[in-house]
Amino acid sequence: MPSDPEHIEPEATWVGAEELPVEFANIFSALVGENAVFLNLGSFVPPLAETDEELAALRFLPVKPIARVALAPGNLDGLIQTLETARAEFEEFKQGLGDEDS
């Protein structure tokens with residue numbers, strides 16, 4: 001039995017995340033609001049402009065919005081830490097694949 005029941009912190013468990021669709025996101029923007037930071041995730045495919053003139057004629061480059069989330073300012077450090085940890089784990093994974101090939 002815990003000695004201080006007021007300080008019990010159950011572990012968060014993701015339930016149903018694997019049931020969500022997976023979207024490819026390669027472009028991001030953020031807007032700072034009064035009580036939240038709004039993070040937009042999108043998918044961008046570069047246009048097939050073959051000449052400088054074709055590229056100059058484009059009025060805008062379309063981005064397909066994937067998700068928009070509002071983050072409490074206090075949660076930004078947690079998101080940044082999660083992303084940095086994922087990047088480090090991905091780099092380790094890539095290095096492990098390289099070691100198997102040699």
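The values are calculated or read from the model by the stated rules, or taken from the named source; none is laboratory data. Keep in mind the model is a prediction, meaning the values are calculated, not measured. Positions of Cβ are generated from backbone atoms using ideal geometry, with glycine treated the same way; all protein chains shown enter the neighbour counts.
List of remarks:
- Selection from the range 32-52 of residues that are farther than 15 Å from Asn75 by Cα and not hydroxyl-bearing (Ser, Thr, Tyr): Asn40, Leu41, Gly42, Phe44, Val45, Pro46, Pro47, Leu48, Ala49, Glu50, Asp52
- Residue match in the range 9-22 (condition: surrounded by 12 or more Cβ atoms within 10 Å (Cβ to Cβ) and outside any strand (DSSP E or B)): no
- Complete set of residues in the range 39-59 that are outside any strand (DSSP E or B) and either of a type in the set (Asp, Glu) or in contact with a Phe, Trp or Tyr (Cβ under 8 Å, 6 or more places away or on another chain) (or both): Glu50, Asp52, Glu53, Glu54
- Residue pairs whose Cβ atoms lie under 6 Å apart, separated by 6 or more positions or on different chains, with the first residue in the range 54-80 and in contact (Cβ under 8 Å) with a residue 24 or more places away in the chain and the second surrounded by 12 or more Cβ atoms within 10 Å (Cβ to Cβ) and hydroxyl-bearing (Ser, Thr, Tyr), are Ile66/Ser43.
- Residue check for Glu34: surrounded by 11 or more Cβ atoms within 10 Å (Cβ to Cβ) and among the acidic types (Asp, Glu): no
- Condition check for Asp101: farther than 28 Å from Asn35 by Cβ, modelled with pLDDT under 95 and surrounded by fewer than 10 Cβ atoms within 10 Å (Cβ to Cβ): yes
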